[in-house]
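Below: one structure, written as structure tokens.
The values are calculated or read from the model by the stated rules, or taken from the named source; none is laboratory data. No experiment lies behind these values; they were computed from the predicted model shown. When we count neighbours, we look across all protein chains shown, and the Cβ atoms used for this are built from the backbone with ideal geometry, even at glycine.
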Amino acid sequence: MAGLLHKGNLKYNTAMEYFVKEKSVVRKIWGKSDTILFIFAGASAEFALNKAVDWLYFTGRLPADPLGRLFSTVSYARQIVFLPREEALAAIHRINAVHTDVENKRRSKIPQWAYRDVLYMLIGYSIRAYELLEQKLTVAEKQEVFDVFYRVGLGMGIEDLPANYKEWLPDREAHLERDLEKGKYSIDLYKQYRKHLGPVRYWFLLQVQELVCPRRVKDLLEIKPNPLIPPALVAYKASRNLKLDHLIKSLLLPSDYKEEIRELDRFGELSRKTSKA
């Protein structure tokens, strides 16, 4: 029966039209903290290599708080996935307003290819993270992931987007080849990651990046495979059945972000209950 579901300060109207359908695979992907953390790990690598990363340095927020800045990007995407359609569009408009403000202060325009790069990261790592941690997606499900972020891109006014997942694949590869380089900002940003994470958590970040990042990214960052990580990933996935994954995540994440990670899981759990209502 349609109605309202409450949990904490979150509220869902089951009769409302959402930006992403309740039973969508995209909600499955963005409804678990570990898949989101893998998306975060991949995006943190590509952010560092992107030729437009100077835009993120312009405000000073990225080097001052790289984890918070990247979490905010991922958090915006997650909210859009679960929000009602009108609220999701409003969130997209707020993102546009933030970008416009930065452009006005710098008296320059963020290039369209840079907007596409970020959108492509969300598509690519959504698929790669879910397939690493859960199961392979069908072509139709990958198209569904593409469709959601394609609509986000349209809402942001991003130009020259491919029309479907099949056309996106070669364009994604072209962007990886053309728009990434290891420069002074890349080196500095990784120094900031290590500073804010500490040596042990930073090492784990690199291991996850080796698992989830495309070959081009790993080559530029010189991230080497570790033979211990694939079996460790299998063990981690098994730990979820024993409800030990929260303990593992609490050991691997800075204390400042533990509550945010718990909130990601609560958000996804509420969404799953909503889809069954």
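All of (1) touching a residue at least 12 places away in the same chain (Cβ under 8 Å); (2) surrounded by fewer than 15 Cβ atoms within 10 Å (Cβ to Cβ); (3) not hydrophobic (A, V, I, L, M, F, W, C) hold for Asp219 with one exception: (1).
If the condition is being β-branched (Val, Ile, Thr) and part of a helix (DSSP H, G or I), then the range 28-62 contributes Ile29, Thr35, Ile36, Ile39.
In the set Leu221, Leu242, Leu251, Leu233, only one residue is out of contact with any Cys (no Cβ under 7 Å at 6 or more places or on another chain) and either under 24 Å from Val81 (Cβ atoms) or modelled with pLDDT under 65 (or both); that residue is Leu251.
Could you say whether any residue in the range 141-151 is under 19 Å from Leu37 (Cα atoms), β-branched (Val, Ile, Thr), at pLDDT below 95 and assigned to a helix (DSSP H, G or I)? Scanning the range 141-151, I find no residue that is under 19 Å from Leu37 (Cα atoms), β-branched (Val, Ile, Thr), at pLDDT below 95 and assigned to a helix (DSSP H, G or I), so the answer is no. Given the criteria assigned to a helix (DSSP H, G or I) and surrounded by fewer than 18 Cβ atoms within 10 Å (Cβ to Cβ), does Pro170 qualify? Yes: the conditions hold for Pro170.
The number of residues in the range 164-182 that are farther than 17 Å from Tyr115 by Cβ and without any contact (Cβ under 8 Å) to a residue 60 or more places away in the chain comes to 8. Using the structure shown, decide if Ser72 is without any contact (Cβ under 8 Å) to a residue 12 or more places away in the chain and closer than 14 Å to Leu37 by Cα. When the stated conditions are applied, Ser72 passes them.
The one condition from (1) over 16 Å from Val74 (Cα atoms); (2) part of a helix (DSSP H, G or I); (3) over 16 Å from the mean Cα position of the chain (by Cα) that Val98 does not meet is (1).
Of everything in the range 102-140 that is among the basic types (Lys, Arg) and either modelled with pLDDT of 95 or more or outside any helix (DSSP H, G or I) (or both), the residue that is farthest from Ala77 (Cα to Cα) is Arg107.
Would you check if there is a residue in the range 143-154 being surrounded by fewer than 16 Cβ atoms within 10 Å (Cβ to Cβ), in contact with a Leu (Cβ under 8 Å, 6 or more places away or on another chain) and not aromatic (Phe, Trp, Tyr)? Checking the range 143-154: at least one residue is surrounded by fewer than 16 Cβ atoms within 10 Å (Cβ to Cβ), in contact with a Leu (Cβ under 8 Å, 6 or more places away or on another chain) and not aromatic (Phe, Trp, Tyr). Against the test of being under 28 Å from Ala238 (Cβ atoms), among the charged types (D, E, K, R), modelled with pLDDT of 75 or more and buried (at least 21 other Cβ atoms within 10 Å of the Cβ), the options Lys32, Lys28, Lys23 yield a single qualifying residue, Lys32.
For the range 106-142, the set of residues classified as touching a residue at least 12 places away in the same chain (Cβ under 8 Å), of a type in the set (Lys, Arg) and surrounded by fewer than 14 Cβ atoms within 10 Å (Cβ to Cβ) consists of Arg106 only. All told, Ala129 meets the bar of being under 21 Å from Ala45 (Cα atoms) and of a type in the set (A, V, I, L, M, F, W, C).
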